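Novice: Before I ask anything, here is the structure I am working with.
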Amino acid sequence: MLFRTELTLHESERQVSYADKILLLGSCFSENIGNWLRDHYLDVVVNPFGILYNPASISQSLQRLIDEKQYTADDLFLHRGIYHSFDHHSRYSATDVTTALERINQSRHEASLQLKNGNLLLITFGTAWVYTHNEQQQVVSNCHKLPEKIFSRRRLSVEEIVSEWKTLADKLFSLNPDLHIIFTVSPIRHIKDTLHGNQLSKATLLLAIDELTMHSDRIHYFPAYELMMDDLRDYRFYASDMLHPSDVAIEYIRSKFADTYFSDQTKQLFSSCEKFRRALEHRPSDPSSPEYKQFLTQNIEKLNQLIDKNPFFTLRKPLRQFQERI
């Protein structure tokens, strides 16, 4: 007897490898997948503007990367003693202009290089609802707790999203002929829009992405939303807020992502890197003991053997971390 509708995914022709340079932008799912890839030593840049939720803000951010925009003090505003950017999450805010601009421009520079030289862009749409600053007539990525009355709120249409992203995709492919784009829709529900409003929002995103995948064979879709809503489909797979996926659900969605996009070589390296990552997390009672030195030496030898067979520069990061502890 079957007690759930398990989603069967097919292996993608576009496989992810340790040779890839990957840029991820969007909502919490991009952050989650990106940090998971980074923890296993793939070459990734994750959310260089911070968490972004709607297609208009993500598109605007990518345009900033294409243009290699240099932010100045004129792009910031002061609110309650802190300098913010409407393009960025509050993690880039600071109590002085210089610090905020250094954070913003360093992150933008790194991401622009990754976009120009990379070959995989993973985008997660969270909501179709946007906030527009009334005076500046610009969609903002973050309201930074400013009074609600200075913004107008509306839901993007399918046609708006498709039109903007077709133009942007063509520009990205022209900039980088090796680039592929993977779209996802965040499985996290936005109940502040009401449950019905959330469904309309997610449906808008899904319809828009479906049209975009027909625009180019270099645009792909990974069904993170369907895995949560239709495959798992049970509140035991949610965190205590009943909105975010639980750790078990996150692990399941990650495993489906790996089954879809990881080559056999990537899976083997990923498994090896997981062992090295756990070894680095080990905290001995006596770091100067001969036993711990031997433990480090053994891991260094194993890593060198792995690098000899797979000379990807990202694998040298854990090697340096082990060497620093000798």
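Novice: Can you return the lysines within cross-link range of K256? Criterion is Cα-Cα under 26 Å, with same-chain partners fewer than 8 residues away left out.
Specialist: K21, K202, K267, K275
Novice: I would also like to ask the following. Cα gyration tensor of the range 212-310, axes a ≥ b ≥ c as square roots of the eigenvalues: rounded (a/c below 1.5), prolate (a/b > b/c) or oblate?
Specialist: Since a/c reaches 1.5 but b/c is at least a/b, the shape of the range 212-310 is classed as oblate.
Novice: List the aspartates and glutamates whose Cα lies under 20 Å from the Cα of K302, skipping any in the same chain that are fewer than 8 positions away.
Specialist: Counting by Cα, and skipping residues close in sequence, K302 has these aspartates and glutamates nearby: D39, D264, E274, E281, E291, E324.
Novice: Per residue, how much accessible area does the range 130-228 have with a 1.4 Å probe, in Å²?
Specialist: 49
Novice: At a 1.4 Å probe radius, carbon and sulfur cover how many percent of the accessible area of the chain?
Specialist: 50
Novice: So how much slack lies between S17 and F3, counting 0.36 nm per residue of separation and subtracting their Cα-Cα distance, in nm?
Specialist: 1.5 nm
Novice: To the nearest 10 degrees, how steeply does helix 97-117 sit against the main Cα axis of the chain, on a 0 to 90 scale?
Specialist: Rounded to the nearest ten degrees, it is 70.
Novice: Still on this structure, please answer the following. Along the Cα→Cβ direction, 7 angstrom out, place labels at E159 and L78. What is the inter-label distance in nm?
Specialist: 4.5
Novice: As a test of the formula, what do you get for the chain when each DSSP H run with n ≥ 4 contributes -39,500 (n - 2.57) and the sum is divided by the residue count, at 222 nm and rounded to the nearest 500 deg cm²/dmol?
Specialist: Helices in the chain give a 222 nm mean residue ellipticity of -15000 deg cm²/dmol.
Novice: Separate question: Among rounded, prolate and oblate, which fits the range 26-164 when a ≥ b ≥ c are the square roots of the eigenvalues of its C-alpha gyration tensor, a/c under 1.5 means rounded, and a/b larger than b/c means prolate?
Specialist: Oblate, because a/c is 1.5 or more while a/b does not exceed b/c.
Novice: Enter the Cα centre distance for the pair the range 53-111 and the range 126-148, rounded to the nearest angstrom.
Specialist: One Cα centre to the other: 14 Å.
Novice: Using Cα atoms only, what is the angle between the long axis of helix 55-67 and the major principal axis of the chain, expressed in degrees (0 to 90) to the nearest 10?
Specialist: 70
Novice: If you roll a 1.4 Å probe over the heavy atoms of the protein chains, what accessible area per residue do you get for the range 232-311, in Å²?
Specialist: 62
Novice: Given axes a ≥ b ≥ c from the Cα gyration tensor, I'd like to know whether the range 84-223 is rounded (a/c under 1.5), prolate (a/b larger than b/c) or oblate.
Specialist: Oblate shape, in that a/c is at least 1.5 and b/c is the bigger or equal ratio.
The values are calculated or read from the model by the stated rules, or taken from the named source; none is laboratory data. Treat the numbers as computed from the prediction; the structure is a model and nothing was measured. Ideal geometry is used to build each Cβ from the backbone, glycine not excepted, and the neighbour counts take in all protein chains shown. Each accessible area value is taken on the protein alone, full model and side chains, heavy atoms only, with ligands, DNA and RNA left out. Shrake-Rupley method; radii C 1.70, N 1.55, O 1.52, S 1.80 Å.
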